[in-house]
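Novice: Please see the structure below; I have some questions.
Derivation of every value follows stated rules applied to the coordinates shown; laboratory data play no part. What you are looking at is a predicted structure, and each value in this text was computed from that prediction instead of being measured.
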């Protein structure tokens, strides 16, 4: 066991002494960045509890400081640059030293996915400007694995080619967004393959989206392998990952986590759901002090995880943007997904979409065998639990996500599953329209062979 691995099993007393020393070093380093120089000029910490006295850093703060304002090292020490997707506003810059980059890979290798020297990894995260593909590649190679740089959302390697690579190279690990794991299974079926039988996968590593237990189970059934999840952001790197027992543990040797009230930004008592404020304690190029992430998270600190790790378990409930208003209530996609995917797979399928109108929440599903009785039962159960009008509408396979759209070179779009609309007839018809606009699903589908392959 390496020194880094031993930190995962350290006692609270040991880790807190380490964290405090690292925190002091981080604050001194951060003061070299123009953005933090004035904010932290008079700040001193003598205990970890003093962290709560420091000002929080918002994403808007980092937008204003980008690209150079939060950099704390001279230019010759910079090694790699990344940016956020910019889906919720202007992009945020993220700078790394070489040591930062290597630390990111060590964070990835805290996951129980546990890359091996005989693994062949098909890495389907996007390589352009974002972080996951690069650090997962290094993490895998540091363990001796062979990496296939498939990338995501490119014309060079659409799903058809990625699936062909996975089959002929007998890939053992796939890394991608949870949504891509589902869509790739749909594409495999359209190509005449059986995802559960025709591949050699032992594990799938996912990140970048909320992964509920219900969706994890569905992906594991589709591919007949274990799914391990990572939790991170472009700005921070990977902050938590799954252990062998299926719990997501905080990388407490790299990060300090506080859970804040979403309105007051004041720390919440242990066990409450709120927004995480993240302080990096190993980052060199761009240290972050109390960086507030608009996710909904709970920390479980008092546990006896079977894996033996003492670090807090992170329960992730999705981004704040993953909630939507229904009347005077806020409903979480995670809440609905967990309950609706209890229905039989043939009745719900793998492709779904939520349209929220003033009258009701419409859950649209692609179903091989629609089950009206199951739908009415689920509508009644969700209605009683959340006091919302729910309508489950089954559509034919391919209506929400045209199969031919999966089998041609991919178009750029970021997954989303719900929208607000005045009425159903004014809502997007399918997921490509929701992701990319009304023209996304237009045009004629490519000609297919009997096996579903393009001619």
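Novice: If you fit an axis through the alpha-carbon atoms of helix 213-223 and take the longest principal axis of the Cα set of the chain, what angle between them do you get, 0 to 90°, nearest 10?
Specialist: Helix 213-223 and the main axis of the chain meet at about 60 degrees.
Novice: Counting pairs of alpha carbon atoms under 8 Å apart in space and at least six apart in sequence, what relative contact order in percent does the range 58-111 give?
Specialist: 33 percent
Novice: Okay, next question. Relative contact order of the chain, please, whole-number percent, based on alpha carbon pairs below 8 angstrom and at least 6 residues apart.
Specialist: Over the chain, the number comes to 14 percent.
Novice: Okay, next question. Any chance you could list the semi-axes, whole Å, largest first, of the equivalent ellipsoid that the Cα gyration tensor gives for the range 327-436, using √(5λ)?
Specialist: Ellipsoid half-lengths, sorted descending, are 23, 17, 12 Å.
Novice: Enter the angle in degrees (range 0 to 90, nearest 10) between the Cα long axis of helix 159-168 and the first principal axis of the Cα atoms of the chain, meaning the one along which they spread out most.
Specialist: The angle comes out at about 80 degrees.
Novice: Could you calculate the contour length gain from residue 90 to residue 156, that is, 0.36 nm times the residue separation minus the distance between their Cα atoms, to one decimal place in nm?
Specialist: Full-extension gain reported as 21.0 nm.
Novice: How far, in degrees from 0 to 90, does helix 372-386 lean away from the longest principal axis of the Cα atoms of the chain, to the nearest 10?
Specialist: 30 degrees
Novice: For Cα extents along the principal axes in Å, which listed value, [x] 59, 59, 45; [y] 65, 52, 43; [z] 67, 59, 45, comes from the coordinates shown?
Specialist: The calculated read-out lines up with [y].
Novice: Mean residue ellipticity at 222 nm from the helices of the chain, using -39,500 (n - 2.57) per DSSP H segment of n ≥ 4 over the full residue count, to the nearest 500 deg cm²/dmol?
Specialist: -8000 deg cm²/dmol
Novice: Work out Dmax and Rg for the range 87-167 from the C-alpha atoms and quote the Rg first, both in angstrom.
Specialist: Gyration radius and largest Cα-Cα distance of the range 87-167: 14.0, 42 Å.
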